[in-house]
Structures are given as structure tokens and as C-alpha cells.
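Novice: Below: one structure in C-alpha cells.
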Amino acid sequence: MVDPEDQIDRLRSICLALPDATEKIAWGDPTFRIHDRIFAMAGTNADGHAQVWCKSEMELRDALIDSDPAHYFSPPYVGHKGWIGIILDEPTDWEGAANLVEESYLTIATKGAKAKGKRQKAKDDGQ
């Protein structure tokens, strides 16, 4: 079995290479954030394998789970909101995992920027 800490370290390097990304321990595991909004959560599953959860398009998430249920899953609590879980075991498609993490980062960063813009507009309008 692959050392889960090595897998999480590799994931960490992917996440923290993104602009303004930070790491914060939450619920005992590393979370990766953009402007304090989580775009990826890492940890280990009950079998001791490293995993990451990140935001995804529902259709893509479902297609990945259907095509490779040994490596992709709908995580509890957030799966119904489009998040996908990826088992970081061998073999791991690291390019694919990095792409999913980057898409999650962009989705969360854009969503946060839109919300900030709406708050600013409401403030400017005197609401």
C-alpha cells in the first residue's frame, strides 16, 4: 500500500501551487482554501487510503464515478452539492486529480468573487 502521507504531500504541492491558496487543518485533516473558502479537503478513508474531496460539475462527477468507482466517489455531506471524492492510491491519475483540484479552485474562487461583488453593490446602493 502507498503511504497516505506521501500521497497527501503530493496533493498539498498541487493545491499550494495555486495562487493565494492556503492550508488550514479542519476536522483533523488538511483543507485547502482560496480566501478562506475550501476548494479541497484531504484525509484518509476507513481503509487507510489517502483521498481528496473537491468541487466538481455534477455531470462530470457522475461520469467519473460510473467509469471508475474504485477511485471516484460521491463524498458524504457535500456529494449532493457536486463534490467528488478521489482515492489517491496507486495507480492515481495525478494529472486528472490536479485538473479536478484546479477546476474546484477556480469554481470556488469565482463564486467567492461574485458574492463579494454582490455585497459591494448592495453596500454601494445603500442596502
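Novice: Condition first: over 20 Å from Lys81 (Cα atoms) and over 14 Å from the mean Cα position of the chain (by Cα). Now tell me which residues in segment 46-65 satisfy that.
Specialist: Quick first cut of segment 46-65, residues over 20 Å from Lys81 (Cα atoms) only: 46-50.
Hits for segment 46-65 are Ala46, Asp47, Gly48, His49.
Novice: Within segment 9-34, count every residue that is more than 14 Å from Val52 (Cα to Cα) and charged (D, E, K, R).
Specialist: 2
Computed from the coordinates by the stated procedures, all read-outs in this text should not be read as laboratory data. Predicted model only: the values in this text are computed from it and were never measured.
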